[in-house]
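The values are calculated or read from the model by the stated rules, or taken from the named source; none is laboratory data. Not measured: the values here are computed from a predicted model. Here the Cβ positions follow ideal geometry from the backbone for every residue, glycine too, while neighbour counts run over all protein chains shown.
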């Protein structure tokens, strides 16, 4: 068990390094001097030249990469060109908003998705099943930007029930949480259903029924735990995905989170900010996937003993 | 002898897209108190479906369409689902073929055995644990206290089957149905498990229905045997007569296909042909296309069960006195 | 956003199940069975269309979209870029069924042209990335050793990126635009396919008929093409129908964020992006392109689900 966890963590480390390197390279091959972008068109070439040299922009790429990683490990991701603030500070400011959104969206997804999947599996091939599964499919098929704007229109403009955008109160979180959670609720419901049906075919379900357990007890005690284990993995991965920044939801609802930060950085050609934000997001995904695998090993006694 | 179980004219059909499959087609079985009754046949002959029908564990598309299943004189087929829960695991218990997959991998084996007690009796958790550990000791599980908290994958196949047996007898059922309980096990383990079942049966007086395709198992533990073929009982008699004087050509075919050390010079006998497709059964006797002694009548008429004395019954025209003598 | 990690894991597990698959009772262990399965895949699909109404309707919808995109100039009532400032920002009228945008362009006509982008972005990058993924997966699974290790670690790295994010980074580097999206989607999302094909190959390699072929000296290329690839096809079809809607959604999302298609492109995502400030004024004209995305993606997803049930032997009863 401990061995498994250590091995899982060790495999994540080279991936993290590779990912950081790829992001760094993607942003460094860019033509044009970032300093001239930062200082604007009026800056004198000599000044640009001097600043670039001072910042070490003319050093070999690998040297710059090493320096970047070294600084990053000390919490220094550089300064944003556009906002002229420490990238780490900007991330620190945005992340809580993303976390709040991720938690509310996940809660919505879990509370909707798991029961929906169970009901669908129990009422298999009945009307309820088809109905729930159709809604789940709409959930995973609808473009988030469209769903978000539809909700804005209905609840914001027409019914005037909820605020259109911003992130100051729990009321602001309702619409974004629903739209972000809907897609993941859909995939959770589908997975719960198919896993539950799969698990119900197992021999130990027959054993449970032969013991005289009632149908709900067979499902609840013997099928559910087994079928939810992979779903927990899915939920963890989705949660990590939301933590890495719900780009579209944050953009539509004007939530100042990590995703919004990334999009703004691209549109402002703010390289250090983009670099810091993407590295941050990607590391969260890697850690999330790792956590999901480790969590699964805790849940399943068969893997636990390995 | 008091009859514990009487199955009369049981018909269980599967309603598939390709048509109705009569997996069990009018089966009669009797089990006396304290008796070990074997049901033998090739795979697909309907022996497991018979067992599942007795407990009413079949799910769509399988359905029992006709017959009676009398346990101590009460017809289980007339019971409501609510009432049936009280029978399963309590009065009739079942042991399955695959000890590897028949236990839930995410719960400890002790908990799974205790569960059956908690369902059928008002026993406290502590008491249940005590009783399960006692039962583990009784079925020969070493270190029962430690094993209580083991997960199925941590036990060997033999130990798992002992757990299943503990689960099957812990509620003192009147009848235990064992569906190929030793097929998945090593030969040495098989002998131990069969011995254990025989011992437990003697101690408790529980009747056992032993479903198997292995005639060795039958010889080992059974008192009486039903030979099934394509959803019907072909022959029934006590175990000695079965081996000494098998009457049905199918039964003798089965017995002849067991390799024997005393007959090294001969080729191993096999029954020619294959089990018929239940979707389109041959007219007349179901075994007819594979039978060495088939007669004209066999292709047109289904033989009834002929009583040849001492509870020996056989479904074959060879034992129709009028037909054969006249 | 669209983290496919779990889906890929699930398919991988399915592939591993193949190895010690407990076949449903009544089906004999027949080495020909695997080959026979891929030969009758056409029949399976035909049977699905006959019996499954949802699948038939979905296929019909997709076909309609394809026809509409192909014959857009004939179908569309207006030229997609024809501006008419008098008619700007209208909700549906008899003249403009779905209203007009800020330049008075007909939304319906633009949407009809937009189907071209969505269909192309759904089909072409998916084909490219799956070809790459299949090849690398076959090589990794069959060769094993260092080649396998290298390819799989590369796949792990790519899978670690949220797919929108990587596309956005590429857009930043080589410039925004539709071509960028095509490139990003083509060369980024092969990793999932590669992993699934690799695990399939690993389990197929141990099958008797493959071992038999190896033992009589059939060349590696032939084994891969004759024995391994055909058996991957059912899974590849399932993966394809899973990837197409994913890519359509990615493109529309990226275009909505302004890092994808650029004006005056008729990308559905871009159309919503450009008119989002007029949501309260012309809601139907603003939201209509999103409905198109929804319908097309749903059709692909329904079809994918049906195919999965029809083809995948391990999902069947």
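Observations, loosely collected:
- Test result for residue B:211, under 25 Å from residue B:42 (Cβ atoms), part of a strand (DSSP E or B) and touching a residue at least 12 places away in the same chain (Cβ under 8 Å): yes
- Segment B:129-176: number of residues that are part of a helix (DSSP H, G or I) and touching a strand residue (DSSP E or B) at 6+ places or on another chain (Cβ under 8 Å): 6
- Search result, residues across segment B:67-121 that are in a loop (DSSP other than H, G, I, E, B) and within 7 Å of another protein chain (Cβ to nearest Cβ): B:89, B:90, B:96, B:98, B:101, B:102, B:103, B:104, B:105, B:106
- Residue B:270 being assigned to a strand (DSSP E or B) and over 14 Å from residue B:41 (Cα atoms): no
- Residue count, segment A:287-306 (criterion: surrounded by fewer than 23 Cβ atoms within 10 Å (Cβ to Cβ) and either within 14 Å of chain B (Cβ to nearest Cβ) or within 28 Å of residue C:172 (Cα to Cα) (or both)): 13
- Residue within segment A:222-244 that is more than 14 Å from chain B (Cβ to nearest Cβ), under 17 Å from the mean Cα position of the chain (by Cα), in a loop (DSSP other than H, G, I, E, B) and crowded, with 19+ Cβ neighbours inside 10 Å present: yes
- Search result, residues across segment B:111-132 that are surrounded by fewer than 20 Cβ atoms within 10 Å (Cβ to Cβ) and closer than 23 Å to residue B:157 by Cβ: B:111
- Those residues of segment B:17-51 which are touching a residue at least 24 places away in the same chain (Cβ under 8 Å) and assigned to a loop (DSSP other than H, G, I, E, B), in sequence order: B:18, B:33, B:34, B:35, B:41, B:42, B:43, B:44, B:45, B:46
- On the stretch given as segment C:262-317, residues that are part of a helix (DSSP H, G or I) and either at pLDDT 85 or above or on the phi > 0 side of the Ramachandran plot (or both) total 35.
- Selected residue [closer than 23 Å to residue B:214 by Cβ, buried (at least 16 other Cβ atoms within 10 Å of the Cβ) and within 14 Å of chain A (Cβ to nearest Cβ)] from B:37, B:24, B:31, B:49: B:49
- Residue within segment B:140-147 that is farther than 30 Å from residue B:286 by Cβ, free of Cβ contacts under 8 Å to residues at least 60 places away in the same chain and within 16 Å of the chain's Cα centre (by Cα) present: no
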